[in-house]
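No lab work stands behind these numbers, since they all come straight from the coordinates. Quick caveat: nothing in here was measured; it's all calculated off a predicted structure. Cβ placement follows ideal geometry from the backbone for every residue including glycine, while neighbour counts extend to all protein chains displayed.
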Amino acid sequence: MTETSLVDSGTGYGRKTPSYEPRLAEVGPGTPMGEALRRYWQPIAASAALTSEAPHRTRVLGEDLIVFRDGQGRPGVVFERCAHRGSSLYYGRVEDDGIRCCYHGWKFDVQGHCLEQACEPGGGLRRDAARQPWYPVEERYGLVFVYMGPPERKPTLPRYDCLEPQEEGERYLAEWPVPGMTVTGLVQDCNWLQIYENAIDPAHISWLHSQHSGYQFVGTGTTGFPENFFDPATASDRITYKRTDFGAAYNVRFTGDDSAERGWGADLHLPNVLVLPDFVNVTADAKADMLLWVVPCDDTHNRSFFSIRTSDPERLDRFFLGVKQNGKDPWELSEEERRQYPGDGEAQLSQGPVTLHSEETLATTDRGVVMLRRLLKTMVDDVQAGRDPRGVSLTEVPPRHTESGMFTVAAADKTPVPSAGA
Ligand code: FES
Ligand SMILES: [Fe+2]
């Protein structure tokens, strides 16, 4: 009904200054979320792409870091700023046993020990007094992980049942096929949570990726999702969310082309891991075979990393090129095509460098987002209260259970059942 008041309401005039929630958005050292995120291992480089050729500059949780692999094959992460007088080790040289600064030739190993001070008498008789700040690293699933938290709380590096055991002929694919991003991940210019929240927002699949911009998933109606998967009119009735031991999960019910009832789901493991199945070659009863991490660089930038366990040479293409806009890849689009056929990038980046939580109007289809934010706030609370947050274990544990996949719904109880061997 049209408003009958003589005075206009709802105008933009006089609104309070918009703001974001710092406990969610800020990731620097000493911030509540920054401290919580530092309690988990974070991917920092793709293993195979990290060679001894050159050091790489990156930023993680607001800290400028250098990641390199020494001549003996050991990965290392150190502060970018040289402990001598501050030159960037990005301009340094990787050697057999460490990295050497360009300015005066101080050399540091992967744990920051100063091995040599080239211009000092005797190579530096007091070189032990210099220590380049460093962080511990471990390699797994084709990635180098870094731990930037308190050393006494260092957890074991988690394992996941969707990525192991590796079967005959399988390998881990973890390099973005994008120039400049093969080593240190795919950069996006917005707060990390805008990317991660998208992972528990299946309603946008029913609108953005189908109705608004045309079907964007490659394979839709052929090898992919049937068209009724996307129906926005029934989406909210077909989506369920739940908390899990490690975070949250959602499931989208739909009827397959063969009339079987199916559930398709993804799960999120705190603080920033997404478990995903193949969304192009959508085969019945298939478990996820990949993980994706959204790692904050700072408050307004993030880098994504992934690992896929596969023997299929086309699997990476399906993940990387599996969502099109107007039938094209993002770098082929004109500005007008991006406007007419927007995808995740346009939607997420246009929320701003850090989305303004005070300006949001959350509704029923944001249940997953609300659930995730509550979990993250509890994670922050736990760390502030001196507890280890959800999913952090200081002792070796078996691979974590992942729920993500496509499952046929059992006729008897209408609950999704895992595939054989899942
Ligand atoms: S600033 Fe690095 S060696 Fe002097
Ligand atoms: Fe999306």
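Numbers for the structure displayed
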| quantity | calculated |
| --- | --- |
| Residues L356, L163, L125, sorted so that the one with the fewest Cβ neighbours within 10 Å comes first | L125, L356, L163 |
| Distant-in-sequence amide H partners of K328 (H built 1.01 Å from N, under 5 Å) | none |
| Length added when fully stretched, R93-E346, from 0.36 nm per residue minus Cα-Cα | 87.2 nm |
| Simple spin-label estimate for L125 and R74 in nanometres, 7 Å along Cα-Cβ | 2.7 |
| Cβ charges +1 (Lys, Arg) and -1 (Asp, Glu), total dipole of the chain, debye | 1180 |
| At most 10 other Cβ within 10 Å, DSSP loop - GluC sites (Glu not before Pro), segment 163-216 | E167, E168 |
| Fewest-first sequence of L50, L375, L6 by Cβ atoms within 10 Å of each Cβ | L6, L375, L50 |
| Per-bin percent of Cα-Cα distances, the chain [10 Å] | 4, 19, 29, 25, 14, 6, 2, 1, 0 |
| Förster-model FRET efficiency, 56 Å R0, T234 and E139, C-beta, rounded to 0.05 | 0.80 |
| Whole-Å distance, taken between Cα centres, linking segment 277-343 and segment 204-258 | 16 |
| Förster-model FRET efficiency, 51 Å R0, T222 and D8, C-beta, rounded to 0.05 | 0.50 |
| Hull volume in cubic angstrom per residue (convex hull over the Cα atoms of segment 7-108) | 169 |
| Rounded to 10°, Cα long-axis angle of helix 367-384 versus longest principal axis of the chain | 30 |
| Burial ordering of W264, W192, fewest other beta-carbon atoms within 10 Å first | W264, W192 |
| Kirkwood Rh in Å, taken over all unlike Cα pairs in segment 46-152 | 13.8 |
